[in-house]
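A short write-up of the structure that comes next.
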Amino acid sequence: MKRCFRHCQIMESYGTTESGGITYDNLLEMNINYRLESVIEMGYTLDDKPFPRGELLVKTSTMFSGYINNSDETKMALTDDGFFRTGDIVELHCTDDGQTNIRIIDRKKNFFKLSQGQFVSPEFLEGIYRQSSFVEQIYIHGHPLEDSVVAVIVPNKEYTRIFEIKHSLTELNDTIMEDLRSLATKESLRKYEIPSRLIIDFEPFTSANGLLTSSMKLCRYRLAAHYNDRLKMTESIENRLQ
């Protein structure tokens, strides 16, 4: 852009709705309190060389006080001492004149750990399995005492309707599982990243039922609580389809 508009002064700014402006041309704005937190499961730490890396937390004079009518999201977004978790992984540089230079290098992702010590990114797997024509919505769950993941799936209504014309609905579980395994093979996923079990539910995830956030993202802790009993036990396909 600078090459195309050489006669214009172009500056790059970075900020969030919750905190306001944070940097201009990668330089931290004045009067902003900040700190980094290591994200060990992603391999970013404050001890990284040559530059410390981690999630950027900020406190600004224009920062929000919380999400309206959503104390749970507010609690996750703000630390006890009032810093906002941006979710951005940054690399911290210092300029020759002592200014702080922030370079965004990644985005913090949700991870969980399985029984054999494997770290799993549910968002990564959900993005792959969402390619299945049968999948409308999907939530990948893992437990530290289990060695593989479980998938909660809201099937695509149109594909389910077409499938039901030629097949019994009780065959849906095996058909979806076969489709997910094909995608896993195509994407060279590891065995523990392939769901060992499916929970099929025709009730969609929505913000109204609390399973999506106000920004339409999966509300993972509520999904885990909502499906808690079914995640802990193996059910018949007939029960899953109720």
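The values are calculated or read from the model by the stated rules, or taken from the named source; none is laboratory data. Quantities reported herein were computed from a predicted structural model and do not represent experimental measurements. Don't worry about glycine lacking a Cβ; one is built from the backbone with ideal geometry, like all the others, and counts go over all protein chains shown.
Every condition in (1) surrounded by fewer than 17 Cβ atoms within 10 Å (Cβ to Cβ); (2) under 22 Å from the mean Cα position of the chain (by Cα); (3) within 28 Å of LEU36 (Cα to Cα) holds for GLU187 except the one numbered (3). Looking across segment 198-221, the residues that are touching a strand residue (DSSP E or B) at 6+ places or on another chain (Cβ under 9 Å) and farther than 20 Å from GLU123 by Cβ come down to ILE200, PHE202, GLU203. Checked against (1) of a type in the set (Phe, Trp, Tyr); (2) free of Cβ contacts under 8 Å to residues at least 60 places away in the same chain; (3) touching a helix residue (DSSP H, G or I) at 6+ places or on another chain (Cβ under 8 Å), TYR67 passes all but condition (2). Summed over segment 107-143, residues that are of a type in the set (Ser, Thr, Tyr), free of Cβ contacts under 8 Å to residues at least 40 places away in the same chain and within 19 Å of CYS219 (Cβ to Cβ) total 1. Cβ separations smaller than 7 Å between residues 6+ apart or across chains give no pair from segment 144-156 residues that are outside the structural domain of GLU178 (by TED's automatic domain parsing) and closer than 17 Å to LEU218 by Cα to residues that are among the acidic types (Asp, Glu) and not in a strand (DSSP E or B). Here's a check for you: in segment 29-51, which residue that is over 26 Å from the mean Cα position of the chain (by Cα) and of a type in the set (A, V, I, L, M, F, W, C) is farthest from ASP80 (Cα to Cα)? By that ranking, first place goes to MET30.
Identify the residue in segment 204-217 that is closer than 13 Å to MET76 by Cβ and either among the acidic types (Asp, Glu) or touching a residue at least 40 places away in the same chain (Cβ under 8 Å) (or both) and, among all such residues, is surrounded by the most Cβ atoms within 10 Å (Cβ to Cβ). The selected residue is THR213. Considering only segment 1-36, state which residues are surrounded by fewer than 18 Cβ atoms within 10 Å (Cβ to Cβ), of a type in the set (Phe, Trp, Tyr) and closer than 18 Å to ILE104 by Cβ. If the condition is that a residue be surrounded by fewer than 18 Cβ atoms within 10 Å (Cβ to Cβ), of a type in the set (Phe, Trp, Tyr) and closer than 18 Å to ILE104 by Cβ, then TYR24 is the only one that fits.
If you check GLY15, GLY21, GLY66 for being assigned to a loop (DSSP other than H, G, I, E, B) and at pLDDT 90 or above, only one passes: GLY66. Of all residues in segment 168-184, those satisfying the criterion of being farther than 26 Å from HIS143 by Cα and surrounded by 12 or more Cβ atoms within 10 Å (Cβ to Cβ) are LEU169, THR170, GLU171. Would you tally the residues in segment 90-108 being surrounded by 15 or more Cβ atoms within 10 Å (Cβ to Cβ) and either more than 21 Å from GLU29 (Cα to Cα) or under 13 Å from the mean Cα position of the chain (by Cα) (or both)? So the answer is 2. Could you list, in sequence order, the residues of segment 106-124 that are farther than 13 Å from VAL39 by Cα, out of contact with any Ser or Thr (no Cβ under 8 Å at 6 or more places or on another chain) and of a type outside the set (S, T, N, Q)? Of everything in segment 106-124, those that are farther than 13 Å from VAL39 by Cα, out of contact with any Ser or Thr (no Cβ under 8 Å at 6 or more places or on another chain) and of a type outside the set (S, T, N, Q) turn out to be LYS113, GLY117, VAL120, PRO122, GLU123, PHE124.
Checking the condition under 30 Å from GLY210 (Cβ atoms), assigned to a strand (DSSP E or B), aliphatic (A, V, I, L, M) and not assigned by TED's automatic domain parsing to the domain that holds SER207, which residue from LEU36, LEU92, LEU57 passes? Give the steps one after another, and end with the answer.
Working: LEU36 fails: under 30 Å from GLY210 (Cβ atoms); LEU92 fails: under 30 Å from GLY210 (Cβ atoms).
Testing whether each residue is under 30 Å from GLY210 (Cβ atoms), assigned to a strand (DSSP E or B), aliphatic (A, V, I, L, M) and not assigned by TED's automatic domain parsing to the domain that holds SER207 leaves just LEU57.
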